[in-house]
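Chemist: Dropping the structure in here first, questions after.
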Amino acid sequence: MKGKHRGSAMVFKSITTIAKSIVKRNDATKRLVLRVYNQYQGRKAKKELYLRIKNIDFDEYIDTSNKPDLNVIILTVDCLRYLNLSFTGYQRETTPFMDSLKAKFRAVSAAPWTYPSVASILTGLYPHNHNAYIHSKIKNFDTLKAFKPIKKSVLTLPEILFAFGYEIYFGTAIDVASYPLKSRVVPKLYLGDTPAEELLNDLRKWISKRKNSFFAYLQLGDVHEPIVPPEKFRNYFGQVENIPNIERWDFRRPEEQKGKEFEKYRRNRMLLYDNTLRYVDYAIERLYAFLEDSGLLDSTILLITADHGEEFWEHAELEAENFYDPRGYYGVGHGHNVFNEIIEVPILFDGAIKKKGDFTENRVSSVDIMPTVLDLLGVSHSLTFDGQNVFEVKNKKRPLLSEAAGYGYEKKALIMGRYKLLYAPDDGVQWLFDLKKDPSEQHPIKDREVTSVFVDKLNKMLKEDEKRRLINALRKVRI
Ligand SMILES: [Zn+2]
């Protein structure tokens with residue numbers, strides 16, 4: 001059997017290699033190949049999912065007799081920078097619809113890039129606890145072997161709701177979002193530049209056919225490079241100049257990051273990002289209207305968030321001087337560091353929630369999403385999370401962690417109230433920022449003693465988790 005599997009895996013690998021060379025040619029072919037891929041992978045994923053679910057004794061963790069009945073929709077906007085949302089006071093009115101939602105939170109994503117971050121959203125655990133991150137000293141995308149999946153003994157939100165008889169939907173324009181969820185969901189993959197409306201229309205069609213309660217997770221790729229918004233939004237806040245490579249990242253190396261051409265690119269790149277964000281907001285508003293019109297809004301928890309933000313050269317110089325990146329890129333994108341433009345995200349609620357308001361004064365975490373949703377659904381369980389219900393947070397200064405870099409050495413951020421530690425020992429960095437005095441994190445506090453208090457706090461937190469993991473390992477794990 002093993003040989004057979006390996007054989008079919010090899011055949012599949014060569015098919016995907018040929019497919020990849022074809023898909024480069026045109027869009028129609030790309031879509032066709034993806035449809036075939038989705039069907040093939042879908043069947044395989046379904047088998048793996050059922051095999052796993054069959055072996056889980058849900059009653060050990062959850063009171064399955066008390067069945068929830070609210071639907072859940074989580075929309076993750078990949079690369080959505082918190083400070084570019086207009087309710088934060090941003091200069092352009094990028095998100096009038098999201099601004100109007102019932103409850104708003106300012107959050108720290110548990111990781112600065114997609115793979116570990118999506119796993120945290122759907123497990124309520126930090127990457128060092130769910131294990132889905134790159135396990136090599138120097139991290140890069142070419143170290144695929146070092147990518148580990150979510151630990152077998154960890155349950156995900158869709159699995160728990162599946163146990164309650166929910167119908168599950170998982171769609172993503174960014175394929176990396178589906179990788180850590182292998183054998184946990186049957187993913188529907190889209191091309192990275194597929195417009196939000198197409199994904200949301202498919203979701204609407206799927207919802208229209210549901211007879212049972214449902215859980216839907218959708219990850220939108222519009223503001224992730226390549227940024228290709230529909231024509232009617234491309235110049236929404238102003239004309240984007242015709243500059244080569246404006247849809248992707250350019251000026252990634254330190255020596256290129258100066259002069260008029262760079263400034264022009266930088267200005268236009270942000271304009272394109274904002275125009276596209278305005279489009280995403282419009283597309284989500286249409287989904288909301290559909291939920292309202294079909295009478296589903298009052299029975300659905302709608303949650304909008306992001307897996308991480310995006311850097312636009314805010315820390316390019318500091319990074320180039322102090323951090324190692326195997327690609328030689330600094331200051332752009334995500335995954336490479338844990339400055340706030342990369343790890344701050346919104347968590348927004350609407351639909352079937354009772355508490356309303358603007359709760360953005362204190363930060364929460366993306367590991368809070370799963371425990372919050374389970375609480376809102378009224379699920380009783382004995383699961384342990386790193387997060388907690390965002391509507392019931394008592395300690396406003398509880399430590400919030402972001403970790404598991406995608407490039408270079410490991411970097412961790414620990415935010416406690418107004419202070420933030422950026423800890424990257426392999427780069428020789430341990431910086432403490434006072435976010436109140438220095439919100440753009442440009443001037444680390446030069447007090448070693450105070451900084452070491454935060455370093456100790458971080459290490460203690462990680463050590464306690466290690467202990468907890470050992471105790472859990474002693475228990476009989478049935479999964
Ligand atoms: Zn992402």
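The values are calculated or read from the model by the stated rules, or taken from the named source; none is laboratory data. Treat the numbers as computed from the prediction; the structure is a model and nothing was measured. All Cβ positions, glycine included, derive from the backbone under ideal geometry; neighbour counts span all protein chains shown.
Chemist: Looking at Gly309, Gly295 in this structure, which one is within 16 Å of the ligand (Cβ to nearest atom) and small (Gly, Ala, Ser)?
Modeler: Gly309 is the lone residue from the list that is within 16 Å of the ligand (Cβ to nearest atom) and small (Gly, Ala, Ser).
Chemist: Of these, Phe58, Phe87, which one is closer than 24 Å to Phe214 by Cα and either surrounded by 14 or more Cβ atoms within 10 Å (Cβ to Cβ) or away from the ligand (no atom under 16 Å from the Cβ) (or both)?
Modeler: Phe58
Chemist: Go through region 163-215 and report how many residues are under 17 Å from Pro230 (Cα atoms) and within 16 Å of the ligand (Cβ to nearest atom).
Modeler: Looking only at that region, the number is 8.
Chemist: Which ones in region 61-84 are of a type in the set (D, E, K, R) and either farther than 21 Å from Leu220 by Cβ or surrounded by fewer than 17 Cβ atoms within 10 Å (Cβ to Cβ) (or both)?
Modeler: Asp63, Lys67, Asp69
Chemist: Just to be sure I understand the filter: pairs with C-beta atoms under 9 Å, separated by 6 or more residues or on different chains, first member in region 46-60 and outside the structural domain of Val185 (by TED's automatic domain parsing), second member loosely packed, with under 15 Cβ neighbours inside 10 Å and polar (S, T, N, Q). Which pairs pass?
Modeler: Sorted first by the residue in region 46-60, then by its partner, the pairs are Asp59/Ser65; Glu60/Ser382.
Chemist: Something else: Within the bounds of region 120-137, is there any residue that is in contact with a Pro (Cβ under 8 Å, 6 or more places away or on another chain) and over 24 Å from Glu464 (Cβ atoms)?
Modeler: No, there is no match, as no residue in region 120-137 is in contact with a Pro (Cβ under 8 Å, 6 or more places away or on another chain) and over 24 Å from Glu464 (Cβ atoms).
Chemist: Suppose we filter Tyr288, Tyr265 for residues that are part of a helix (DSSP H, G or I) and touching a residue at least 40 places away in the same chain (Cβ under 8 Å); which single one remains?
Modeler: None of the other options fit; the residue is Tyr288.
Chemist: Right, something else. So which residues in region 338-361 are buried (at least 16 other Cβ atoms within 10 Å of the Cβ) and part of a strand (DSSP E or B)?
Modeler: Selection gives Glu344, Val345, Pro346, Ile347, Leu348, Phe349, Asp350, Gly351, Phe359, Thr360.
Conditions (1) on the phi > 0 side of the Ramachandran plot; (2) in a loop (DSSP other than H, G, I, E, B); (3) buried (at least 17 other Cβ atoms within 10 Å of the Cβ), marked per residue:
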site	(1), (2), (3)
Asp298	no, no, no
Leu318	no, no, yes
Tyr330	no, yes, yes
Val373	no, no, yes
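Chemist: Can you spot a residue in region 93-105 that is within 16 Å of the ligand (Cβ to nearest atom) and not hydrophobic (A, V, I, L, M, F, W, C)?
Modeler: no
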